[in-house]
1. Could you work out the equivalent-ellipsoid semi-axes for segment 88-127, taking the square root of 5 times each eigenvalue of the Cα gyration tensor, largest first, in whole Å?
2. Can you work out ³J(HN,Hα) from phi for every residue in segment 118-130, in order, using Karplus 6.51 cos²θ - 1.76 cosθ + 1.60 and θ = phi - 60°, giving whole Hz and x for Gly and Pro?
3. Taking the mean number of other Cβ atoms within 10 Å as a proxy for protection, how do you rank 185-192, 116-123, 64-71 from highest to lowest?
4. Using a Cα-Cα cut-off of under 29 Å, which lysines could be cross-linked to residue 114, ignoring same-chain neighbours fewer than 8 residues away?
5. What angle do you read, to the nearest 10 degrees and between 0 and 90, between the alpha-carbon axis of helix 5-18 and the longest principal axis of the chain?
6. Tell me, what HN-Hα J-couplings in whole Hz come from the Karplus equation 6.51 cos²θ - 1.76 cosθ + 1.60 at θ = phi - 60° for each residue of segment 144-155, using x for Gly and Pro?
7. Would you mind giving the three semi-axes, in whole Å and largest first, of the ellipsoid equivalent to segment 48-142 according to its Cα gyration tensor?
8. How high is the relative contact order of segment 65-220, given as a whole-number percent (alpha carbon pairs under 8 Å, six or more residues apart)?
Amino acid sequence: MILSPLLFFFFSFYVLASAQPTSTAVKPPKGALTISAVDVDVDTDGNGCRPGSVAVGISEDNSLINLLFDNFQAAVGPNSGDIRKRALCKVNVTMSSPGWAFDVQTVDFRGYIKLSTGVDASLVSRWKWIDNKGVDMKGKGNMQKKLSGPLERDFLIHKDGELSDSEASVCSKASARFQLTISASLSSTSSSIEGVLKGTQDGAVDRGFSEILNLAWRKC
Ligand SMILES: *[C@@H]1O[C@H](CO)[C@@H](O)[C@H](O)[C@H]1NC(C)=O
């Protein structure tokens, strides 16, 4: 399913409506951050993402970027079917915010995760900035969440200090590419126990798996 802009609009609204109160820190005015392209690397593993399956939105107050992955899922156990135990997705988001620079402060994930006792999950996301020639710029970070069954959840809230290897971004007059990788890996102690990570629970309207980047801004 390719996400329609309308569906994405509603999804963004949903995220905004349920987001935690944002801080009063400095933020650029509405519309100051624009996205001109979202490019997705074809995932040869199969269940991470494919072109057209990732939507990226910015909240009106520029406090967060929401990446919605329509095809991101991993599973282990007798009912996992075609879904593999690892999912990987690489996205380049071409963005511009003249006069302003942001760093990712914390990361949240929204999706459905259910792990039996004996199943572990690792959710990792990394990002860095590259210029229009593909050369690394300043500004990067990564975060990793390790989870162990038994567990059933649909929102993983950040904790302070989860980001590592982070480096502040530089101000860029031209648009630059924000390159983000997300991966999920499940491992289990036996082939008869189950674990799943995906957008929504079976039977619910599928809204994809999402990664929410909470931003800290500064003026250039
Ligand atoms: C994303 O950017 C990297 C680095 O420039 C490049 O190697 C890769 O091909 C790009 N992917 C897409 C889908 O444009």
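All of the numbers you see were taken from the coordinates with simple rules; none came from a lab. These numbers come from a predicted model, not from an experiment. A quick note on method: Cβ atoms are made from the backbone with ideal geometry, for glycine too, and the neighbour counts reach across all protein chains shown.
1. 32, 12, 9
2. Per-residue couplings from phi come out as x, 10, 10, 10, 10, 10, 10, 9, 10, 8, 7, 9, 10 Hz.
3. Going by the mean number of other Cβ atoms within 10 Å, highest first, we get 64-71, 116-123, 185-192.
4. 85, 90, 145, 146, 159, 198
5. That works out to roughly 90 degrees.
6. Ordered by residue, 3J(HN,Hα) equals 9, 10, 10, 10, 10, x, x, 6, 8, 8, 10, 8 Hz.
7. Largest first, segment 48-142 gives 30, 15, 14 Å.
8. The normalised contact order for segment 65-220 reaches 43 percent.
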